[in-house]
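What follows draws every value from the coordinates through simple rules; no lab data is involved. Since this is a predicted model, take the numbers as computed values, not measurements. Heads up, the Cβs are rebuilt from the backbone with ideal geometry, glycines too, and the neighbour counts pull from every protein chain shown.
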Amino acid sequence: MSDNELPVGGLTRRSLGGLGVAAILAPSIASARRMPGPDRYRPQVHYSPAKGFMNDPNGLIFHEGEYHLFYQHNPFEAKAGHVHWGHAVSSDLVRWRELPIALGETAAGQAFSGSAVYDRGNTSGLFPSGAGGLVAIYTRASDTKQAQEIATSTDRGRTFSGYPGNPVLDVGSASFRDPKVLWHAPTRRWVMVVVRSREHRVMFYASSDLKHWSEVGSFGHAGLLGIDYECPDLVEVPVEGGGTRWVLFVSINPGAPLGGSAVQYFVGTFDGRRFEAEDGATRLADFGQDFYALQTFADVDGPPVAIAWMSNWLYSNDVPASPSRGAMTLPRRLTLRRHADDWRLVQTPVPLDPIAGSSILSGPRPKRTGTLAGAAVPYGAALEVVLRFEADPGAILSVRLRNAAGEMLSACFDAGTYPGFVVDRSGTRGFRHRYMVDRAIWSAPQGTTTTDMRLIVDRSSIELIGMGGEASGTMLQYFASPPDRLEVIAEGGAVALMQLEVRSLNG
Ligand code: FRU
């Protein structure tokens, strides 16, 4: 049943047949609109497949005017397993079109995570002479072996043919996976970043033809180890104010600080063989509980663009299926910001103008305490909230989404002794799980009182981007009844809003 077939006293519009639909609907339409359908948690502005299960983003690449999002996908049921590569394309990174499955299971195993490159110069020799094509590099995984395979496409990723010489990299291990391949221009060769997951080592291999790989270096036993290192990525990121650094992302699962899955990153240099971290710090890419397996797009101009899977293995198989299970974050541009003794990854969600809906609140608000702004929100809509503010020391600025049943989701900036952002999903009652934390907290430098916060709230998620992109907090959230009101509130001190924009987003 879709939103157009809302239940009316146990009947659907379709089943009302010739009964004089308008007459029957008229008295009950208000209450019918409030009755959530089975797809009430279906993301409106985040990618989720039509059916089945989805986890990691794979093979992200911009090619011939299309952004490709491949992903770990079980097409048979909304549970992890039988992993294929699903596929979607977009011209603007916000509106996606699902395409047929790109890679399937074979006798050798499932199609685990990996990446895609454009073999522009036909270095592989696998394309018709004079032409290049897309190459997917992924892990073929059985219970006893994980080895790296490649597959080629000459039709813009619509279909792939497995290379007859597969696997191209097999070290006889059952925990060796998730190859991310990049073209390393200074050494003019391909580099594969792949993990020996149980040994907590990121391995670097080099190749001139994508078919023969030799080990050139490794990085590891670094940062948070968790049980497995997974889904590494290595990308050169511009530093605000000039220069670049290489950022090595390593996902870990389980064993994250909030439990389960998390993405950490290291900032350093890479010479085509060795990654050298600039300091001994481990940094998390997101302070929420539902941000995993981040991957960057190949072949985008300007700062890299990344997508992560918006879930956590501790409960990803249990959250409501809507009708599929699993969603991606919004794509975010990545830059680096240097602080006195620190590096910060800065994440900026791509512009949402192509899906802008109607304005719900806007304009500055003078400094005071209490309710600074409030408005009704459209039924089931995704929302974007943008705030720039100045708080008195000790004040807490909250954005609250609520409903008449007393449920609440909030995102706050606390300008107290330990300032920072908080995402609080404790007041939602649509789905609880013993391992889902209620709140996630990010600490800002002491004395911070003036900053910004951007929220993207979809039917089953909230993304908080704060402090000019330094704070990223991504959490799943499930209201039992959809929220119908949004409020911006200052407590414990006065807050001025220099900017307030709330708009709905079209799914
Ligand atoms: C990470 C992961 C990868 C693996 C894939 C299987 O979420 O466990 O290491 O390739 O999922 O779907």
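Counting charges near S359 (Lys, Arg +1; Asp, Glu -1) among other residues having Cβ under 11 Å from its Cβ returns a value of -1.
If you take the square roots of the eigenvalues of the alpha-carbon gyration tensor of segment 196-269 and sort them as a ≥ b ≥ c, do you get rounded (a/c under 1.5), prolate (a/b over b/c) or oblate? Judged from the Cα gyration tensor, segment 196-269 comes out oblate (a/c at least 1.5, b/c at or above a/b).
Taking the inverse of the mean 1/r over every pair of distinct Cα atoms in segment 332-388 gives a Kirkwood hydrodynamic radius of 15.0 Å.
Averaging the sequence gap over all C-alpha pairs within less than 8 Å and six or more residues apart, then dividing by the number of residues, gives the chain a relative contact order of 13 percent. Please say if segment 339-477 is rounded, prolate or oblate, where rounded means a/c under 1.5 for a ≥ b ≥ c the square roots of the C-alpha gyration tensor eigenvalues, and otherwise the choice is prolate for a/b larger than b/c and oblate otherwise? Since a/c stays below 1.5, the shape of segment 339-477 is classed as rounded. The modelled label-to-label distance between R158 and L224, using points 7 Å beyond Cα along the C-beta direction, is 4.3 nm.
Take every Cα pair under 8 Å whose residues are at least 6 apart in sequence, average their separation, divide by the length of segment 355-507, and the relative contact order is 45 percent. Binned at 10 Å from 0, what are the whole-percent values of the Cα-Cα distance distribution for the chain, short to long? Spelled out per bin, shortest first, that is 4, 19, 29, 25, 15, 7, 2, 0. Helix 21-34 axis versus longest C-alpha principal axis of the chain: approximately 80°, rounded to the nearest ten. Taking amide hydrogens as placed 1.01 Å from N in the peptide plane, the amide H of S175 sits under 5 Å from those of Q146, each at least 5 positions away in sequence or on another chain. Each of I360, M203, Q295 was placed along the dipole of the chain (beta-carbon charges, centred on the mean Cα), and the one lying farthest toward the positive end is I360. Taking 0.36 nm per residue of separation and subtracting the Cα-Cα distance, full extension of the segment from E390 to D299 would add 28.8 nm. Using the Karplus relation 6.51 cos²θ - 1.76 cosθ + 1.60 with θ = phi - 60°, the per-residue 3J(HN,Hα) values for segment 421-429 come to 9, 9, 10, 10, 10, 5, x, 9, 10 Hz, with x marking Gly and Pro. Here segment 453-507 is treated as a sphere whose radius is the Kirkwood value from Cα pairs; by Stokes-Einstein at 20 °C and 1.002 mPa s it diffuses with a coefficient of 161 µm²/s.
Remark on T123: its backbone amide H falls under 5 Å from none of the residues 5 or more positions apart or on other chains, H modelled at 1.01 Å from N. Note: segment 71-207, Cα convex hull, 141 Å³ per residue. Working from label points 7 Å from Cα in the Cα-to-Cβ sense, the E501 to S91 distance is 2.4 nm. For R189, the residues 5 or more places off, or on other chains, whose built amide H falls under 5 Å of its own are H184.
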